[in-house]
Amino acid sequence: MKWPQATPLKYVYALRSKAGEVRYVGLTRSPNQRLRTHSWPLTPLGIWVRSESPDLIVLEAVGVTRKPGRRERHWIEHYRSAGADLFNIWPRQGAA
């Protein structure tokens with residue numbers, strides 16, 4: 001029997017503080033590896049990740065054929081509209 005090839009997935013995820021606040025939304029193929037890579041750059045997000053040790057929660061698994069970047073933007077907009085203070089720079093002020 002020939003099995004159908006699985007659609008590659010990307011994961012829309014959030015980094016959530018210990019206080020339960022979502023501070024970042026991202027997109028990755030490997031959530032566990034991605035959390036580790038957020039902790040090394042000397043950026044506001046990297047400094048926060050090292051000091052806070054946030055939880056990574058998967059918000060949605062998206063087949064790559066479904067334009068996962070749109071789903072990431074959806075979640076960024078969702079949390080921003082709910083008043084979340086996100087580290088995400090998208091959309092930039094004045095961006096269409």
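The values are calculated or read from the model by the stated rules, or taken from the named source; none is laboratory data. Since this is a predicted model, take the numbers as computed values, not measurements. All Cβ positions, even for glycine, are placed from backbone atoms using ideal geometry, and neighbour counts span all protein chains on display.
Does residue 90 qualify as being in a loop (DSSP other than H, G, I, E, B), surrounded by 11 or more Cβ atoms within 10 Å (Cβ to Cβ) and at pLDDT below 95?
On the way: in a loop (DSSP other than H, G, I, E, B): yes; surrounded by 11 or more Cβ atoms within 10 Å (Cβ to Cβ): yes; at pLDDT below 95: yes.
Yes; evaluated as a whole, the condition is true for this residue.
Quick check on residue 73: is it within 12 Å of the chain's Cα centre (by Cα), of a type in the set (D, E, K, R) and either surrounded by 11 or more Cβ atoms within 10 Å (Cβ to Cβ) or on the phi > 0 side of the Ramachandran plot (or both)? Yes. Scanning the range 36-62 for residues that are part of a strand (DSSP E or B) and either in contact with a helix residue (DSSP H, G or I) (Cβ under 8 Å, 6 or more places away or on another chain) or among the aliphatic types (A, V, I, L, M) (or both) yields a total of 7. Checking each residue in the range 1-42 for being closer than 23 Å to residue 70 by Cα, over 12 Å from the mean Cα position of the chain (by Cα) and at pLDDT 95 or above picks out only 21. Considering only the range 60-68, I want to know if a residue exists there that is within 16 Å of residue 84 (Cα to Cα) and within 12 Å of the chain's Cα centre (by Cα). Within the range 60-68 (the criterion being within 16 Å of residue 84 (Cα to Cα) and within 12 Å of the chain's Cα centre (by Cα)), the answer is no, since none of the residues qualifies. Residues of the range 78-87 include at least one that is modelled with pLDDT of 95 or more, under 12 Å from the mean Cα position of the chain (by Cα) and part of a helix (DSSP H, G or I). With respect to (1) closer than 28 Å to residue 8 by Cα; (2) touching a residue at least 60 places away in the same chain (Cβ under 8 Å), the lone exception for residue 64 is condition (2).
Does residue 65 meet the test of being exposed (fewer than 12 other Cβ atoms within 10 Å of the Cβ) and not aliphatic (A, V, I, L, M)? So residue 65 fits the description; yes.
Of all residues in the range 15-31, those being out of contact with any helix residue (DSSP H, G or I) (no Cβ under 9 Å at 6 or more places or on another chain) and in contact (Cβ under 8 Å) with a residue 24 or more places away in the chain number 3.
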